[in-house]
Amino acid sequence: MKISTSLQAKLKNSGRMLKALIDNLNGMVYCCLYDAEWTLVFIAGGCKELTGYESAALLLNREISLEAVTHPEDRAWVRQVIDAAVLAHEPFVAEYRIINADGEICWVSERGCPVYNDLDEIEAIEGFLQNITPRKLSEIAAHNAEERYRSIFENAIEGIYQTSPDGHYLNFNPALANIYGYESALDLVRSISDINRQLYVQAGKRDEFVALMGAHGRVINFEAEVHRKDGEIIWISENAREVRDQNGALMFYEGTVEDITARKHHEQEIEYQATHDALTGLPNRTLLTDRLQQYLGIADRYSNKVAVAFIDLDQFKLINDSMGHHAGDELLKIMATRLEDCVRESDTVVRLGGDEFVLLLTGLNQIEDISDSMQRVLSAVAEPCAIEGRDFVVSCSIGISIYPDDGRDTTTLLRYADSAMYKSKQSGRNNYQFYTDELNQRLMERLDMEYRLRQALEGEEFLLHYQPKLDFASGKICGAEALIRWQPRDGNMISPASFIPIAEENGFIEDIGRWVLRTACCQAVELNRQLARKLPIAVNVSPRQFRQAGLVSMVRTALEESGLDPACLELEITESSLVHDTGSFIKTLYELKALGVKLAIDDFGTGYSSMAYLKDFPVDRLKIDQVFVSHLETEPKNIAILKAIIALGHSFGMKVIAEGVETAYQQAFLHGIGCNELQGFYFSKPIPMNAFLALLAEDRVPTPSEMQLSA
Ligand code: C2E
Ligand code: MG
Ligand code: MG
């Protein structure tokens, strides 16, 4: 090994200069050759402290070389660093491991620079080696700790997050994105900007979260439904806390999220099993009281009624005993489905056990409303059931109690419905009975009326009376209104006011209306023939008739078949026909008008027609409702209304007729304010056609005895 003389001279100088300095530094100054061993040619300072070897042992590789001291794993890269520095004529820094004399690993920091000869050839490396083991170990410990936590964060199964108080994600782990169905954390961040609106299903859930945080500084097992990216709804449970800065200001929330959908579904399943009948899937007795209680609250809020209907199958025991349980079960399942089909979505069908069911019917305004459902139940149950290749027919007995009429609590209502059901069994089964006899009576009457109404058409029990109309200007009869009368064979005449509304409800009005129209047209033709002049006849068209699809063609047919001049037919339409659909109302008016008939708005002033629409109606007459006329003497306020209606009608080019005129005062008054026509008992009651003809022949007002002819 040869050290050049120039280097020896340099060493002498530097040695002198650095000695004092190095003695005070915690490290080792060195100069080594740029060779395979990093042969140390100069060492000053703490060689022993740093490497555990005396400097003599390292100098000129007497016992060990610097290369050998360097940790085998670091040798190559350290050399690369130094090679690069040599090439670039630059100093270098490297932190690497050495193995000291005790065989321990120490961390050193080496700062060095290449030394060149006059020919710019590399001669040696000079530098400073320092022990950095304590710093390095703590750095490594910190790094490892961070790695460990990051690993927990990244690999946790629970979602972990930090959110700002205003609902933005600050930080979260991949599990959270995964729970919410996002491909990656980035996907989640891009998609959710408002946790409150986009994540929680239930409105106000985030507010609840924030309020709990405000009150307790944390939330525990906060359960909520959230939207996943794919639209699926899952259940989560959150545990979270507030994080505040040194001044106590809220910085963010941090917490964990667990997907508890499976547990929730399991709980729901258990709850479903506890509250539903296993055979039919219907709610069971446990749910009955809850539901009923709930319905009573709703009925209070909307001031309507709830019906509790106990249903017992009449022949179940027989079938069950003779055909076996399997057939019995089948029958119950079929009945459950049929009962559900008989009620509305908002109602409830419960299986109490055995062959007993309960219906809870809500939103009833009057008890008559349930007669339809009960009829449906009776006939649905009575449909034949095919079980195991055989047809069975069963019936049922129904008992009904009504809230609030019969009782105000669930126990009473259920007890009363049960006892009404026994009443129904006693009265021959296959029927329904109310707990209260008065209700039974009311319903009986109604059913009786419906039944007889159906017979009346075939039995030719209907007839028409005509009420003349008087024209103020000429003082003569200018037409008549045809009004239906029902004269049952074995009873008193029944007023249309009591049967028309029922016929409206059950749809029978369509048949009755057709009969009235046909009869009135034929009688009008006969009337015109006898009079040898044309007199218009008015026919009432009820709201349901008006909405009936075939109305226009029905009118056309009646006109064609009778040969009546369309101008002699006037249709009276009530304002309430308009309520449903103004567009189609006006369209039908125009179609009727196109047939050539006249149109009148009946009972004007009591319906809902908006003044704005009136101008669009192709109507010839307004008939002022009786209420404005009948109390004219005692209700002076009606004067203003009457005047306004007359002015309105006239301004649209319509004639105005007042009905229900009963006194001379009313007649004179209406005449005085410009009303065109009148109709009322003062002039004539509705009378049979022959009496009307006689009246016309004499062109006089009827006598009181003629007036008695009318009901
Ligand atoms: P409406 O069309 O407003 O008929 C006028 C009603 O007022 C008739 O009652 C008539 O008898 C009665 N009336 C006439 N003048 C007076 C009076 O001076 N004083 C009093 N208090 N009443 C008077 P009616 O015949 O009992 O008919 C009642 C309602 O039944 C009719 O009201 C009409 O809406 C309906 N109606 C009658 N016949 C038919 C029909 O053939 N088809 C349809 N759809 N409804 C009809
Ligand atoms: Mg009328
Ligand atoms: Mg009227």
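Remark: spin-label model distance THR606-VAL627 equals 0.6 nm, labels positioned 7 Å along the Cα→Cβ axis.
Rounded if a/c is under 1.5, else prolate if a/b is larger than b/c, else oblate: which is the range 11-166, with a ≥ b ≥ c the root eigenvalues of its Cα gyration tensor? Taking the square roots of the gyration eigenvalues as a ≥ b ≥ c, the range 11-166 is prolate. Note on the chain: Cα-Cα pairs beyond 42 Å make up 64% of the total pair count. Extending 7 Å from Cα along the Cβ direction at ASP490 and again at HIS650 yields two label points whose distance is 5.6 nm.
Stretched out straight at 0.36 nm per residue, the stretch from GLN202 to ALA84 would grow longer than its current Cα-Cα span by 36.0 nm. In straight-distance terms, cross-link reach from LYS48 covers every one of the aspartates and glutamates whose alpha-carbon lies under 15 Å from its own, apart from those fewer than eight places away in the same chain; here that gives ASP23, GLU63, ASP102, GLU104. The Cα-based radius of gyration of the range 457-710, divided by its Kirkwood radius, gives an Rg/Rh of 0.94. Mean sequence separation of contacting Cα pairs (under 8 Å, at least six apart), scaled by the length of the range 276-435, corresponds to a relative contact order of 28 percent. Label the range 196-273 by shape, choosing from rounded, prolate and oblate, from the square roots a ≥ b ≥ c of the eigenvalues of the Cα gyration tensor; if a/c is under 1.5 it is rounded, and otherwise prolate applies when a/b is larger than b/c, oblate when it is not. Prolate, since a/c reaches 1.5 and a/b exceeds b/c. For SER193 and MET444, the difference between the fully extended length at 0.36 nm per residue and the C-alpha to C-alpha distance is 83.9 nm.
On the basis of the beta-carbon distance and an R0 of 56 Å, GLN375 and GLU154 show a calculated FRET efficiency of 0.25. Computed extension gain for TYR590 through ASN365, at 0.36 nm per residue and net of the alpha carbon distance, reaches 77.4 nm. Over the chain, Cα pairs under 8 Å with separation of 6+ residues give a relative contact order of 6 percent. Here the calculated FRET efficiency for GLU183 and LEU531, from their Cβ-Cβ distance with R0 = 60 Å, stands at 0.10, rounded to the nearest 0.05.
Considering all alpha-carbon pairs of the range 276-435, what whole percent are spaced by more than 29 angstrom? The proportion of pairs with Cα distances above 29 Å equals 14 percent. Over the chain, dividing the summed -39,500 (n - 2.57) contributions of all DSSP H runs of at least 4 residues by the number of residues returns a 222 nm mean residue ellipticity of -14000 deg cm²/dmol. Only lysines eight or more places from LYS333 in sequence, or on another chain, were considered; those with a Cα closer than 22 Å are LYS317.
Amide hydrogen proximity for LEU59: with H placed 1.01 Å from N in the peptide plane, no residue at 5 or more positions away or on another chain lies under 5 Å. FRET efficiency for the ARG301 to ILE233 pair, using the beta carbon distance and R₀ = 30 Å, is estimated at 0.55.
The range 438-464 and the range 216-275 have Cα centres separated by 62 Å. Pairs of Cα atoms nearer than 8 Å and 6+ residues apart set the relative contact order; for the range 226-320 it is 14 percent.
Backbone geometry of the range 324-338 corresponds, through the Karplus equation with coefficients 6.51, -1.76 and 1.60 at θ = phi - 60°, to 3J(HN,Hα) couplings of x, 5, 4, 5, x, 4, 4, 4, 5, 5, 4, 5, 4, 5, 5 Hz, x marking Gly and Pro. For the peptides 290-296, 539-545, the ranking by mean Cβ contacts within 10 Å, running from highest to lowest, is 539-545, 290-296. By the rule of a C-alpha distance below 18 Å, with chain neighbours fewer than 8 residues away ignored, the lysines paired with LYS598 are LYS469, LYS534, LYS587, LYS615, LYS623, LYS655.
Only the coordinates and a few stated rules stand behind these numbers; no lab work does. Everything numeric in this text was worked out from a predicted model, so none of it was measured. Virtual Cβ from ideal backbone geometry, glycine too; neighbours counted across all protein chains shown.
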